[in-house]
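The values are calculated or read from the model by the stated rules, or taken from the named source; none is laboratory data. What you see is a predicted model; the values in this text were computed from it and never measured. Every residue, glycine among them, receives a Cβ derived from its backbone with ideal geometry; neighbour counts consider all protein chains shown. When the accessible area is computed, the model is the full protein with side chains, heavy atoms only, and any ligands, DNA or RNA have been set aside. Shrake-Rupley method; radii C 1.70, N 1.55, O 1.52, S 1.80 Å.
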Amino acid sequence: MAVLSVRRYGDPALRRRAAPVGEITPEVRSIAGDMIDTMYDEVGLGLAAPQVGVSLRLIVVADDERREARALIDPVIVEQGGQATAEEGCLSIPGIFASVTRAEWVRVEARDVDDGPLSIRAQGLQARVLQHEMDHLDGVLFIDRLDPVTRDRIKRKIKKEGLSPEPSHHAFAL
Ligand code: NI
């Protein structure tokens, strides 16, 4: 297992639509393990494969206490509802936080690393983490979900000041 380097805003890997994993090879299992190590190292609650330069539909998420982590392969949101707005950040955009409106709850179907079926119903922070990470699989970043005025202000700030050179080390950085 190894800690991988997290791609930063501006890296084209973050903007690609990731491909389905399909067959779960030893290499896929190894990437999932490395992503969990990387997520813990960065003190995040979730990480998506494109953030480590791997264009596959694979995410890892931790529980709220960051005690347990699991990998979701080819995850799909099959049901969602409600609406919630809360502050969010991204390990790929360190130092930037903003309020994002998302579904309040989601039901996600995926496979685990042993190719078993996973069905997860999540709400609150866990639902937010899942939606944020699954956006990464489509090349979507949380700043894309802000109103245009806020988004432009953030883009100007990044252009002028650059990104924080330090990892976010913040519970809401996903
Ligand atoms: Ni993120």
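Points to keep in mind about this one:
- For residue 102: the one exception among (1) charged (D, E, K, R); (2) at pLDDT 95 or above; (3) within 14 Å of the ligand (Cβ to nearest atom); (4) closer than 21 Å to residue 6 by Cα: (4)
- Some residue of region 4-22 being out of contact with any Leu (no Cβ under 8 Å at 6 or more places or on another chain), on the phi < 0 side of the Ramachandran plot, surrounded by 13 or more Cβ atoms within 10 Å (Cβ to Cβ) and among the aromatic types (Phe, Trp, Tyr): no
- Within region 13-41, considering residues that are assigned to a helix (DSSP H, G or I) and polar (S, T, N, Q), the one nearest to the ligand (Cβ to nearest atom): 38
- Residues of region 133-146 that are β-branched (Val, Ile, Thr) and touching a residue at least 12 places away in the same chain (Cβ under 8 Å): 143 alone.
- Enumeration of residues in region 50-81 that are on the phi < 0 side of the Ramachandran plot, surrounded by fewer than 16 Cβ atoms within 10 Å (Cβ to Cβ) and not small (Gly, Ala, Ser): 63, 64, 65, 67, 68, 76, 77, 78, 79
- Unique residue being modelled with pLDDT of 95 or more, in contact with a strand residue (DSSP E or B) (Cβ under 8 Å, 6 or more places away or on another chain), within 14 Å of the ligand (Cβ to nearest atom) and not aromatic (Phe, Trp, Tyr) when the list is 73, 96, 77, 143: 143
- Lone qualifier among 125, 130, 91 - being open to solvent by less than 10 Å² (accessible area, probe 1.4 Å), away from the ligand (no atom under 11 Å from the Cβ) and in contact (Cβ under 8 Å) with a residue 60 or more places away in the chain: 130
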